[in-house]
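Derivation of every value follows stated rules applied to the coordinates shown; laboratory data play no part. No experiment lies behind these values; they were computed from the predicted model shown. Cβ placement follows ideal geometry from the backbone for every residue including glycine, while neighbour counts extend to all protein chains displayed.
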Amino acid sequence: MQSSDKLNITEFVTSESIDLTNCDREPIHIPGLIQPHGILLTLSEPKLEILQVSENVEQLLGITAENLLGQPLSRLCSKTKVKEISQYLKHNNLEVFSPLEVKIHSASTSSTQQKIHSQNFKGILHRSDGVLVMELEPSTVNKSKQLLKFYHLLKQAIAQIRQTETFNDLVATLVKQIRQITGFDRVMVYQFATDNSGVVVAEDKAEHLETYLNLHYPTSDIPQQARQLYSENWLRLIPNANYQPAKLIPTDNPVSGTPLNLGNAHLRSVSPLHIEYLQNMGVTASMSISLINEKRLWGLIACHHYTPKYVDYETRKACEFLGQFASVELVYQQQQDLNRYRADVKSIQEQLRQAFAQEVSFIEPVLRRNEVELLNLVHAQGAAIILDNEISLLGQTPSRDEVQALMSWLSQQESQGWFVTDSISQLYLQAQQFKAVASGILVISIILRQKSYHIVWFRPEQIQTVNWAGDPHKPVSLSNDGEIRLTPRKSFQLWKQTVQATSLPWQPVEIEAAVEMRNTLMLAVLEFSQVALEQAAERAAIASRAKSQFLAKMSHELRTPLNAILGFTQLMARTDDTPSEFREHLSIISRSGEHLLTLINDVLEMSRIEAGQLILTESYFNLQRLLTSIKDMFALKASEKGLNLTTQWDANLPCYVYGDEAKLRQISINLLGNAIKFTTKGTITLRVKTVSSSNSGSSQKPIILHLEVEDTGCGIAPADMESVFEAFMQTQRGRHAQGTGLGLSISRQFARLMGGDITLKSTLNQSSTFTCEVLLHLADLGDLLEPEVIRHVIGLEPGQPTYRILVAEDVLENRQLLIKLLQSVGFEVCAVENGQDAIAKWIEWQPHLIWMDIQMPVMDGYTATKQIRATQTGKNVVIIALTASAFEEDRIASLQAGCNDHLAKPFTETALFEKMARYLGVRYLYAQETISELNSVTSQPKALTFQDLQVMPSEWILQVHEAALDLNDIKLYELIAQISPQEQPLVDTLKSLVDNFQLEAIATLTQC
């Protein structure tokens, strides 16, 4: 491109005065222009008639735009290719067919000129604003060797990235590999901060270039709408920043009558401000690859070249794939770092708990002796412990008087048990006096009956020098007419900024660790501090509050994701075309989820055990079905570990009995779960039988259920035989496994409540046998209930109003669940994510019913409900609280706030629809009624050993091993098909492992 083609900035910038937010409002997705290294067409569907064309078509093809408008696509390419494209239009995702290899007809020229009959182009399709967009870039047909070269480069890059162990190694390897593939002069990883400014965290460049590493760039360099496009598109290329853009003819989309949205177009012309920005930096060509972390733009891989540089489609797709892969690896590395820190925090917390257990009288001496651990918990240099106005100082801190004054100021601030800032002097001016030792503070507090307990961590002033690529405070310039306009920075010389009176920022995981320490401190105050707790009444009050806060938080945090799990399981089960084997899996998921919900409810009643208020909830139930469902639940887990799970039932085992089914289920699951957890090889055996009981205090026939779980695991030492039944107590082996140490304690309590007990026999390093005996009663035939009838709502009866339902829910998964479920039967649904938006949408939309979550950001459900009820029209709308807060007081609070009713998460679709029918009078259509199967049995796959595979050649075993390592399920199915039909059990088991994505188990099994 010649210098005369340089983009004319003044021609394309609007005359609007640009203030500091104008750049964020610049409509860069509808420029009406494209970059000239390709052609853009818009086509009607399905006729594929040309509606718009870029004006550079004449330059590239020798055909004027006017001669193409209104013409069929066959004017440019063969009818065979047009037919092929028409077939692609039947699919929603057109990206999978890109790039198209297209031969485009050029116009015949005069006899004095050379005739060019056709040119090779790569075609890229997408839809926008009701039209089909076709982008064409000149290309040559790729040879297989070139494609193979890309494969090896990509394979090498992925291998190098996967070998990295730290974040810094990951980003350094990433820029090196991208530069090796693309050949750009400079490749950088640019990370966005929370304020959307950015910093270069990795760089690979030509030796003669100055480094940009660690340079900061202000938010204005990449405005909001540009970040939005980066979030929606993985890659953007500018081959030559000095290009002259090509207009679309006509400018407006003929279908919509508005400028065409080019947000997803590869050829989209970029903002003139951005072009000037690149030119000011001396950059001629650039390419950006997005790095996205959990749907949030984390950063960019920025590539710069100082001469024009075109990157072909295959290379761009390779880089795009690397960007996606790197995004996943970034999340993984961050999670690994987070896990390491959390493991350290857990170790410190455990050390402090053990220290508190050994010092039953005082808290302050324990914390003082563990000063290093207390400071390392949140990476602080000092701490103050304030227990009922008694101050103790550890490490580098302000003076005692300064701490006292600081606490007096903090007591006047609103807080939720903790307070954090990295610049306290901005909020509390007196902190300037001690900023050298305490610029940042993190406080946890417990306040009860005018007594307070605090831990304050201090971080010193960290005078930082931030290196900016130019002055970040001068994004504007003064025009000749005196107006302030936002312009690209012309200077990128190093500009240093000094930040004072500020500590290193407190990270979210450090705040989380402090909040956990608050729980530990609360328990310590409850159990051990006789100085702080002078009366037993105060001790009981703190215990009740600590337990309520813990159980409420635990219940809410568990119920929220469980609601999505069970809800989407129900949605999948509603689909008629779900395969039968998947329905079995969904049934197991549903039963397991319902059991988890039962466990949550049981833990919430743990205090009843301690208070002696636990009661039995007895009913008639199918004992055989209960045991079968438990066996099915653990069959796959046992198979994954290579264990044999066998069941031995007494032939006379009754079908229907009377007793507490939920508690028996929890006992059985806990015993089987422990057996599988602590057994690495061998067999788990579940034996069940019943014997008559001489205890005839009831008119029903009493029986004793004898349930025995035997394993070939690690065994239990004689010294631990009784302690395993104590709450929070674990064996040495148990401390390295997941669990709280509550399971056996609760199970024994349940067994004793049911008139029995749990006993243990074990030989260390050989086996263990847990035996549970409980009292049940045989059911009389007259007592049995009819088989459960399941009625599935499939729609609304005709002749009813169109019911508008508003969903206020902050958790995306639960919001999507409600939308899909309600829309599937015919309701009109609108969803918002907080109480404030719920009020605005209610005013605008006037829904018939609102499903109102309670705990939401910005405004909670209580406040939103009260404000709606305070209006005249808001008295009639039905509002039902839908919340993971499951305590009785939560239900009462929602009713007092003005809700008509309360439904706890996780909910069943039946309960949801019944509530709506009750308050709106909705009438439903139901699917054909089915009787639930009482004795369905899921077959358990056989546990394989390496010897079982010896019926196949060693070469076959090696191929299976390699396919499992490569996660190649298609190859595994092909290899399994080679097994003789006479070895059907082997075929079934291997297929089961592949079907359930247990490729790691196959790799382990086939390892020689």
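Throw me the Rg/Rh for the stretch 183-298, computed over C-alpha atoms with Kirkwood Rh, two decimals. Before the final figure, lay out the partial values.
Numbers: Rg = 15.9 Å, Rh = 16.0 Å.
Radius of gyration over Kirkwood radius for the stretch 183-298 works out to 0.99.
Between Val96 and Gln180, what is the label-to-label distance in nm when each label sits 7 Å out along the Cα-to-Cβ direction?
Rounded to a tenth, the inter-label distance reads 3.2 nm.
With no solvent and one point per C-alpha, what does the Debye sum give as log10 I(q)/I(0) for the stretch 31-138 at q = 0.11, 0.20 Å⁻¹?
Debye curve over Cα of the stretch 31-138, log10 I(q)/I(0) at q = 0.11, 0.20 Å⁻¹: -0.32, -1.08.
By counting other Cβ atoms within 10 Å of each Cβ, how are His706, His266 ranked from fewest to most? Can you show the working numbers first?
Details: His706 16, His266 22.
If I rank by nearby Cβ atoms, fewest first, I get His706, His266.
Apply 1/(1 + (r/R0)^6) to the Cβ-Cβ distance of Glu320 and Gln224, taking R0 = 22 Å, and write down the FRET efficiency to the nearest 0.05. Each step should come with its number before you reach the end.
Working: r = 23 Å, r/R0 = 1.05.
E between Glu320 and Gln224, to the nearest 0.05, is 0.45.
Could you list which residues have their amide H under 5 Å from that of Asn293, counting only those 5 or more apart in sequence or on another chain, with H placed in the peptide plane?
Trp298
Any idea what diffusion coefficient the stretch 292-382 gets from Stokes-Einstein, in µm²/s, Kirkwood Rh on alpha carbon pairs, 37 °C, 0.692 mPa s?
Details: Rh = 17.6 Å.
In µm²/s, the coefficient is 187.
Can you pull a Stokes-Einstein diffusion coefficient for the stretch 946-1005 at 25 °C (0.890 mPa s), Rh from Kirkwood over Cα pairs, as a whole number of µm²/s?
Details: Rh = 11.3 Å.
In µm²/s, the coefficient rounds to 217.
Label Ser118 and Glu974 with points 7 Å out from Cα along Cα→Cβ: what is the distance between them in nm?
So the label points at Ser118 and Glu974 sit 3.3 nm apart.
Can you tell me the Rg and the Dmax, both Å, for the Cα atoms in the stretch 789-931?
14.8, 48
Rank these for me by crowding, Val372, Val657, Val515, going from fewest to most other beta carbons within 10 Å. All intermediate terms of the calculation are to be shown ahead of the outcome.
Values: Val372 11, Val657 25, Val515 14.
Going from sparsest to densest Cβ surroundings: Val372, Val515, Val657.
For a Förster distance of 41 Å, can you work out the FRET efficiency between the beta-carbons of Asn376 and Ala717, rounded to the nearest 0.05? Working shown, then result.
Details: r = 33 Å, r/R0 = 0.81.
Efficiency computed from Cβ-Cβ geometry: 0.80.
In the structure displayed, which of Lys641/Lys677; Lys631/Lys689; Lys47/Lys317; Lys83/Lys103; Lys81/Lys103; Lys637/Lys991 lie more than 18 Å apart, Cα to Cα? Provide the component values of the computation, followed by the final result.
Details: Lys641/Lys677 9 Å; Lys631/Lys689 15 Å; Lys47/Lys317 30 Å; Lys83/Lys103 14 Å; Lys81/Lys103 9 Å; Lys637/Lys991 16 Å.
Exceeds cut-off: Lys47/Lys317.
With θ set to phi - 60° and the Karplus curve 6.51 cos²θ - 1.76 cosθ + 1.60, what are the ³J(HN,Hα) couplings of the stretch 298-308 in order, to the nearest whole Hz, using x for Gly and Pro?
In residue order, the calculated couplings are 7, x, 9, 9, 9, 10, 10, 9, 9, 9, x Hz.
Using a ≥ b ≥ c from the Cα gyration tensor of the stretch 749-855 (square roots of the eigenvalues), is it rounded, prolate or oblate, where a/c under 1.5 gives rounded and otherwise the larger of a/b and b/c decides, a/b for prolate?
Because a/c hits 1.5 or more and a/b exceeds b/c, the stretch 749-855 counts as prolate.
Given a Förster distance of 22 angstrom, what is the FRET efficiency for Glu889 paired with Glu512, based on the Cβ-Cβ distance and rounded to 0.05? Can you show the working numbers first?
Values: r = 26 Å, r/R0 = 1.20.
For Glu889 and Glu512, the calculated efficiency is 0.25.
Where a ≥ b ≥ c are the square roots of the eigenvalues of the C-alpha gyration tensor, would you call the stretch 363-442 rounded, which needs a/c under 1.5, or, failing that, prolate if a/b is larger than b/c, or oblate? List each step's numbers first, then the result.
Working: a/c = 1.58, a/b = 1.38, b/c = 1.14.
It comes out prolate by the Cα gyration axes.
Taking amide H positions as placed 1.01 Å from N in the peptide plane, with prolines and chain starts having none, which residues 5 or more places from Ser139, or on another chain, fall under 5 Å of its amide H?
Hits under the 5 Å cutoff: Asn120, Phe121, Lys122.
Mind giving me the nanometre distance, one decimal, between the label points for Leu778 and Asp577, set 7 Å out from Cα along Cα→Cβ?
5.1
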